[in-house]
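Enquirer: Dumping the structure here so I can ask a few things about it.
The values are calculated or read from the model by the stated rules, or taken from the named source; none is laboratory data. Computed from a prediction, not measured in an experiment: that's the story for all the values here. Backbone-built Cβ (ideal geometry, glycine too); neighbour counts: all protein chains shown.
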Amino acid sequence: MTALNCYAEGLRPQGRDVPWFDPHDGGAAARCLILLERPARIGDAPRFVSCDNPAPAQRNLR
């Protein structure tokens, strides 16, 4: 997960709103990559790209 989050950190100074990657998901060694537009904003909590998010898109993935 470190490599993915370092990549995301590198995009933030360019003004890109990039979420963190969920450490409980597959990470860089995952066998499948699912791209979603962005995680839902729920309050000011840190945002993660995760299949465990309570948004409709992630519920549909499960």
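Enquirer: Go through (1) at pLDDT 85 or above; (2) surrounded by fewer than 10 Cβ atoms within 10 Å (Cβ to Cβ) for Ala8 and report which single condition fails.
Expert: (2)
Enquirer: With the structure loaded, tell me whether Arg47 is of a type in the set (Lys, Arg) and either surrounded by 12 or more Cβ atoms within 10 Å (Cβ to Cβ) or at pLDDT 85 or above (or both) or whether it fails that test. Walk me through how you get there before you give the answer.
Expert: Working: of a type in the set (Lys, Arg): yes; either surrounded by 12 or more Cβ atoms within 10 Å (Cβ to Cβ) or at pLDDT 85 or above (or both): yes.
Taking the combined requirement at face value, the residue satisfies it.
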